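So the structure is just underneath, and the comments pick up after that.
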Amino acid sequence: LNFTDTLYYEVRQDVAIENLYLNGSRANWTISPNQHVNIYGYTVTGEGEYTMLDLIQHLEQGKDLSDVKGIHYRKKGNVILNEPRPLIQNLDELPLPARHLLPDLKSYNYVNYKRWPTAHMITGRGCPNMCIFCDHPFGRGNRTHSVDRVISEIKHLKEKYGIKDIQFHDENLM
């Protein structure tokens, strides 16, 4: 186990949390879904916005998880790998990140920045390249927010949080 997996395993044991969720690239890169499901309880693969919402609603309502696309989970001792959820084609339908739920953005201290405060943005997902070392967590091809959406988010960051530097984390920019 790596550090993250060990940490979550210990948290589950010590705090007796019934369910932890693994989402993002760690869930996509796994070569052992059994290992992650044993540690986290559930893994959300691919784009997690709608999958996580669907999963939580199913759990809260006691519904069967077999129709929740994009998850791995355990049922009667077996690891179940549900079919993937289709990629979100219109990224503008997603709300702005809930940065208001974070501590004051001025408290973040990123080493590579020259001006404070700073923020991170993703303006697109996917990559058209075929690099053998990449898992393409957001699929092949390139889907982007509209120019108006990107400008709106930058203005929002500047006006609401006084952001001076932005680091873009698009797959095709790395």
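The values are calculated or read from the model by the stated rules, or taken from the named source; none is laboratory data. All values derive from a computational prediction rather than experimental measurement. Glycine gets a Cβ as well: all are built from the backbone with ideal geometry, and neighbour counts include every protein chain shown. For the accessible areas, the whole protein counts, side chains as well, though only heavy atoms, and no ligand, DNA or RNA atoms are used. Shrake-Rupley method; radii C 1.70, N 1.55, O 1.52, S 1.80 Å.
Give me the pairs, please: first residue somewhere in the range 151-174 and on the phi > 0 side of the Ramachandran plot, second residue anywhere and not aromatic (Phe, Trp, Tyr), beta-carbon distance under 8 Å, and either six or more positions apart or on two chains.
Cβ pairs passing all conditions: 162/106; 162/117.
Any residue at all in the range 59-76 that is surrounded by fewer than 19 Cβ atoms within 10 Å (Cβ to Cβ), under 30 Å from residue 146 (Cβ atoms) and not basic (Lys, Arg)?
Going through the range 59-76, the residues surrounded by fewer than 19 Cβ atoms within 10 Å (Cβ to Cβ) turn out to be 59-67, 69, 74-76.
Narrowing further to those that are under 30 Å from residue 146 (Cβ atoms): 69.
Now narrow it down to the ones that are not basic (Lys, Arg): none.
Within the range 59-76, not a single residue is surrounded by fewer than 19 Cβ atoms within 10 Å (Cβ to Cβ), under 30 Å from residue 146 (Cβ atoms) and not basic (Lys, Arg).
Could you grab the pairs with beta carbons closer than 9 Å, sequence gap of 6+ or different chains, first residue in the range 62-82 and under 14 Å from residue 50 (Cα atoms), second one in a loop (DSSP other than H, G, I, E, B) and among the charged types (D, E, K, R)?
If the second residue must be in a loop (DSSP other than H, G, I, E, B) and among the charged types (D, E, K, R), the pairs left are 68/85; 69/83; 69/85; 70/47; 70/83; 70/85; 71/85.
Do any helices (runs of 4 or more DSSP H) lying entirely in the range 1-96 carry at least 1 residues that are within 28 Å of residue 121 (Cβ to Cβ) and modelled with pLDDT under 55, and which ones are they?
Numbers: elements: 3-15, 25-29, 33-40, 49-61.
Ranges flagged: 3-15, 25-29.
Which residues, counting only those in the range 85-99, are in contact (Cβ under 8 Å) with a residue 24 or more places away in the chain and open to solvent by 100 Å² or more (accessible area, probe 1.4 Å)?
Within the range 85-99, just 89 meets the criteria.
Matching residues to (1) over 27 Å from residue 88 (Cα atoms); (2) open to solvent by 80 Å² or more (accessible area, probe 1.4 Å); (3) at pLDDT 90 or above; (4) part of a loop (DSSP other than H, G, I, E, B):
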position	(1), (2), (3), (4)
129	no, yes, no, yes
154	no, no, yes, no
167	no, no, no, no
172	no, no, no, no
